[in-house]
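The values are calculated or read from the model by the stated rules, or taken from the named source; none is laboratory data. Note that the structure is a prediction, hence the values are computed from the model and not measured. Positions of Cβ are generated from backbone atoms using ideal geometry, with glycine treated the same way; all protein chains shown enter the neighbour counts. We work out accessible area using only protein heavy atoms, side chains counted, and drop any ligands, DNA or RNA first. Shrake-Rupley method; radii C 1.70, N 1.55, O 1.52, S 1.80 Å.
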Amino acid sequence: MCVTMGQFAARFYRGVFVSGGRSDTVKNRVCGLIAAMQSPHKSTNINPRTAAPPHHPSTSAPPRYEFIDFLDVGNTMTLTQEIANLTEDSGQDRPEDNVQIGSIQGTVVGLRYYTGTVNRGEMVALVRQPQNPYDRNAVMVANVYGSQVGHIKKELAAPMAYIMDNSLARVEGVVPYGETNKFSMPVNLTFWGKEENREAVHNQMRRHGFRLGTEIKGGTTQTSLGRNLLGLSSKISAIPLTVEELKNAFDKLFDDLMEDKTREMEPAKAVCTSLLPHQKQALSWMTSRENSNDLPPFWEEKSGFYFNVLTNFAVKERPEKVLGGILADDMGLGKTLTTIALIVSNFHNGKPLPLEQCILNCIFMYVDHEESHEAVSSSQLKRQHADGISADTIEEDVPQKKAKSTEQSAKKPANTKKGVVLLDDVDFAAALECSSSHVGPAKKSAKKGSGIGKVPSGGSVSSGAKATLIVCPLSVLSNWLDQFEQHIRADVTLKVYLYYGAERNRSVKLLSEQDVVLTTYNVLSSDFGNKSNSPLHKVKWLRVVLDEGHVIRNPNALQSKAILDLQSERRWILSGTPIQNSLKDLYMLLSFLKLKPFDVKEWWNRIIQRPVTMGDRVGLKNLQALVKGITLRRTKNSKVAGRTLVQLPERRVFMQHVTLSDEEREEYEQVKKEGRKIIGRYFEEGTFMTNYADVLAILVRLRQYCCHPSLVGKHTGGDVPGTPSELRERLINKITLVLNSGSDEECAICLDSLRQPVITYCAHVYCRPCICEVIRSEKEQARCPLCRAEIKTKELVEYPGEEKEAGPATGENWRSSSKVDALMSNLLKLRNEDPTVKSLVVSQFTRFMDLIEVPLREYGFSFTRLDGSMAQKARSKAIQDFQDSSPGSPTIMLLSLKAGGVGLNLTAASRVYLMDPAWNPAAEDQCVDRCHRLGQTRDVVITKFIVKDSVEENMVKIQKKKQELVDKAFGVKKSQDRKQSRIDEIRALMEI
DNA sequence: ACCGCCGGGTGCC
DNA sequence: ACCGCCGGGTGCC
């Protein structure tokens, strides 16, 4: 297969910029108008007053919003999104936020001005319209599709506006019976909120002459579902689930969703790896999900209408298909391979992806196009091919790739057997025929008039979309490239474009013409951040695949927004852990899949989140059905025909205690004494949090002492900052410490691992995009979310990257440490026993890795290294070298704990030495999983070095506690609790 | 809207 | 005739 890399194509296509993309249609402007009228916060150029309101007295015919248009506008502020924004921040994850405060029947008026319709029992959204020129208390009513239905009658809207604007309660509406006249209809309003607001809500209503009841009286015939919609289920239907039941159900939510998903499918011939049975099942299921004509979950066809049984919403138009889903297989079951198989096996209309065949092609064509006298010679084809891989451009990127692929394609033509196979293969023939649409001109003419293809050229393609976009974390980028190369036959050209790096080609046309475009979440969101110019958002993708898709779980993160804005026919989420913390995580996944109406927060909350949180059985049942319909998940223990999918070799963990030498012990105790004094003072002063970076620094220093005394850098804590440049230096010191502390500090805004970390003048570390967003939205008075100090964009200090400062002495005056000695004796013994065994030596301190390099060299070990500071190409080289099994290849990889992240494949190793304990035991597990995964043939032995009587032993205790918590508890604590538990941890560590 | 409300036309029975 | 009553025009926010 031929990989097209960003840099090369950047040159080859330089200058070809396609200005495609959306034009500002009337439709979009209407959307803007609506947005402007609804929300005072969203600025638009259109003044709602000068743009005549649609029903202004001077307008003769009652104008209508074409609301149906909102459904297909991808990236404009739509009514639907407005509704979403409204509920975005309202806390309702806990049962206590969801007390039913009362209900009342109200009236929706003005129906005749709007197109939105509602049925009996249908849920409606209530949206404040503070900018309404007639009444600033206006409350708009919209149906599930986001079409406006009418307004709440003004007398009732007045108290509701107050309640809604002050977040005293959320109001949900259900229309008890459908329209009986053209002008108004009743609506049952239910108020939800915290118990403490009950009084205020009731009072406010009473002041305006309304009395909230506890039940909706005159309830019409409600099915159990209908009752659920009215929010009465907690009172009327069965006993709510206990916390325990709920946790259980939740744990099982994603367990083994494979019943009825056991049909197998062979991949297209372009895949040269044979798939395991469970992978063929996944391929079959994914293919059927993409080609499905079924209605999305919870939709039914009823007498010419499409009816959503959960919201009771009905439409004439068939709801948009949801093509794709969640492949949630455990790590190591081959999600990547299955996805690759899907890409080449299921193009349009169930046909394989048309792929140009490199050299073999000409044999095929020669035979079949004899009469056309235009047979393409081998050399011509070669040249075309070379055009595609313009030689001068490859070298800097992945030289070994080029070498390999050309070598392979050069070898293959000799093999005529394959050519025969080819002729017999109708699918492949058809596929080749289709390829005429995107190959060079010489080829095109050769194809014309040919009669082989069963499918007329181009006719099988139901839309222009061609390319698959794969978005993944940087750490698995090279894995994707490797896997494409490994699993796609060398004699077919799969156009894979790596959209990465400064030189990436931003031509929409180029990107659209690829078979696969590979990029990272970072690149995608940084492009997206520069609004006007994100080529990835201009391409109409055939398929978008999110690898490790759970990373978009935070809807406020820029990268999540960037993902949601992509246009695609089919959408996939690959994730071993689709739900990481709470049910909420699922919302973003559904939102990405465009699974209506759950892609809008309000409906997600009302139909799933709230009921389930409150222990409602019907809600849980719906959730289960929902997940089951779109998810395939198998675990390592799942069985196919009585056998577990994958038998992984054993994995054993040993803890090796290291005793410090007297000298080391003395230094250690000295540092510990000082540290306790300082941290103790912070506790007394109550300045713990503001000095957090210093506290971390002290801990890091202790942990470094346990590894090697030379690791410990110069003393940085406690001084007073002087000049700005000194301050800057101090901040850089701090951010470096925080990032290298291995404590997996998270950004307090997105709660995710730090991306593009920056430090504020008040010494708190955030992702740059996150904190910039905060500063932008708070304008002048932006404050640090952690300490409320004033912050400015220009005062953010960036992490300068890993500078190889005057680090530990690795030269002449190198000395060993107890821990290094322990490691070396292990490694030497191992080499004696079996020189082919490969090991991962894992540390959180890259400078410790520097130190370890010295004795490794001294004893003649061949090793490689992978750490966070390495560029992508260096990483892939390191991985490739290590995975290589030929004699003389490195037997040791120095691996920084955080360098890989999930997905990294290091199965060549069967020994893991964890040099220093991590705060987060999951990080260690993840690291071990890099070699203990599919493809591992040996038993894996893990050795953890722990220094006796030290901070490390305490860390192990904390690790155990954490693990118990994870095993027991449902979900993770709120960030406030997290902060507290982090403080508690530090107390325990320092024995304060 | 088979309502409510407004404002003009009207005015014993 | 500064009222009542009638009946047409009209109607979200």
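Descriptive notes on the structure:
- Under Karplus coefficients 6.51, -1.76 and 1.60, residue-wise ³J(HN,Hα) of the stretch A:930-945 in Hz, glycine/proline x: 5, 10, 8, 7, 3, x, 7, 9, 9, 5, 9, 10, 10, 10, 9, 8
- Virtual spin-label span in nm between A:His657 and A:Ile992, 7 Å along Cα→Cβ: 2.7
- Distant-in-sequence amide contacts of A:Gly150, defined by a placed amide H-H separation under 5 Å and a gap of 5 or more residues or a different chain, comprise A:Val141.
- Extension gain, A:Lys779 to A:Ile732, is 14.4 nm, computed as 0.36 nm per intervening residue step minus the present C-alpha separation.
- Amide H to amide H distances under 5 Å link A:Tyr177 with A:Gly121, where only residues 5 or more positions off or on other chains count and H is placed in the peptide plane.
- For the stretch A:108-158, the per residue solvent-accessible surface stands at 34 Å², with DNA, RNA and ligands left out and a 1.4 Å probe.
- Accessible area of A:Tyr134 in the full protein assembly, 1.4 Å probe (Å², nearest 10): 130
- Other residues with beta-carbon under 10 Å from the beta-carbon of A:Val940 carry, at +1 per Lys or Arg and -1 per Asp or Glu, a net charge of +2.
- Rolled with a 1.4 Å probe across the full set of protein chains, the surface gives A:Glu199 an accessible area near 120 Å².
- Here the stretch A:818-972 has 51 percent of its accessible surface on carbon and sulfur atoms, given a 1.4 Å probe and all protein chains in place.
- Magnitude of the charge dipole, the stretch A:818-972, Cβ model with Lys/Arg +1 and Asp/Glu -1, debye to 20: 260
- Estimated vicinal HN-Hα couplings, Hz - the stretch A:198-203 in sequence order (Karplus 6.51, -1.76, 1.60; Gly, Pro = x): 3, 4, 4, 5, 4, 4
- Across the stretch A:108-131, the residues whose backbone nitrogen lies under 17 Å from the label position 7 Å along the beta-carbon direction of A:Asp165 are A:127-131.
- Per-pair calculated FRET efficiency, R0 = 41 Å: A:Arg207 and A:Glu301 via Cβ, rounded to 0.05: 0.30
- Projected label distance in nm at A:Ser532 and A:Lys829, using a 7 Å step from Cα toward the beta-carbon: 6.6
- A:Leu895 long-range amide H proximity, modeled H, under 5 Å: A:Val841, A:Val842, A:Ser843, A:Leu866
- From phi via Karplus (6.51, -1.76, 1.60), per-residue ³J(HN,Hα) for the stretch A:886-895 in Hz, x at Gly/Pro: 5, x, x, 6, x, 9, 10, 10, 7, 10
- Rounded percent of accessible protein surface that carbon and sulfur make up, the stretch A:660-798, 1.4 Å probe: 49
- Listed residue pairs exceeding 22 Å between alpha carbons, taken from A:Lys829/A:Lys962; A:Lys252/A:Lys280; A:Lys280/A:Lys335: A:Lys829/A:Lys962; A:Lys252/A:Lys280
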